[in-house]
Amino acid sequence: MARGSGNTPFGGSTAVMGSGIDASISKSMSTTAPRPGLFIISDVRLYREGLVRSLSRQPTVTVIGAADTSPAAISEMSDHKPDVVILDVGGPGSFEFARSVNVNLPGVKIIAFAVSDVEHELLACAAAGFAGYVARDGSEADLIAAVENALRGELSVSPRMASLLFRQVATLSAQQLAPGEPSALTQRERQILALVGQGMSNKEIAREVRIGSATVKNHVHSILEKLQVHRRGEAAARFRMLQYADSPRRHPATF
């Protein structure tokens, strides 16, 4: 599928609108009643244009911009101040981009779309703090429902996702580590585990810490062995539980 380039409408990193799409968005903003502002992020130009045209017809939301996952998009969103960011997680770097949004635009709801129905990606969405998600076979109605739920502080998930999350919580609650076991992790392993907990892939971690992907893979394998778990999400969650247990708030001072 072709990707846009440069500063053409929806082809570059910014949210400059094309003539037909611009008119559609202007029309959607003409009413006086305040409506949630949506900003669409995808590295695939056709997806961006299609979603803008489709969602601009919705009476309950306003599309205020669209861009790819380049750093310039963060600045563009800071200017537009959207209520909800709709993020295509089908491309590389999408979870890293979501973290940038959370840091630079706190309080903005992020909805993931094009989520594959595989366990590690669903858990990665949960770990990255998405306010909602829509599967690859989801409809426009599903996307609007996810937006409305997120704005109400609610999350609508499929029975499969609910079952997966409950199993994950049950597994983590049932497993207890020896008090000194986390100390077996090296400083580099702790650094990588923290990034795993943010939903980063091995390639994203490699770019972040400037080491090879194979080296990251070896570190992750070592982490799983030391923490006696089988999945990346379990390792990150168990490590966070241990950090919480050892934090000062768990041991209040006495006077």
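The values are calculated or read from the model by the stated rules, or taken from the named source; none is laboratory data. The structure displayed is predicted, hence computed values, not measured ones. Ideal geometry is used to build each Cβ from the backbone, glycine not excepted, and the neighbour counts take in all protein chains shown. Only protein heavy atoms, including side chains, enter the accessible area calculation; ligands, DNA and RNA are left aside. Shrake-Rupley method; radii C 1.70, N 1.55, O 1.52, S 1.80 Å.
Among the residues of segment 90-127, what is the count of those that are under 9 Å from the mean Cα position of the chain (by Cα), open to solvent by less than 20 Å² (accessible area, probe 1.4 Å) and within 18 Å of ASN149 (Cα to Cα)?
Looking only at that region, the number is 4.
In segment 55-89, which residues are surrounded by 15 or more Cβ atoms within 10 Å (Cβ to Cβ), in contact with a Lys or Arg (Cβ under 8 Å, 6 or more places away or on another chain) and either without any contact (Cβ under 8 Å) to a residue 40 or more places away in the chain or among the β-branched types (Val, Ile, Thr) (or both)?
SER56, VAL61, THR62, VAL84, VAL85
In the list ARG152, ARG231, which residue meets the criterion of being over 19 Å from PRO92 (Cα atoms), open to solvent by 50 Å² or more (accessible area, probe 1.4 Å) and at pLDDT 90 or above?
ARG152
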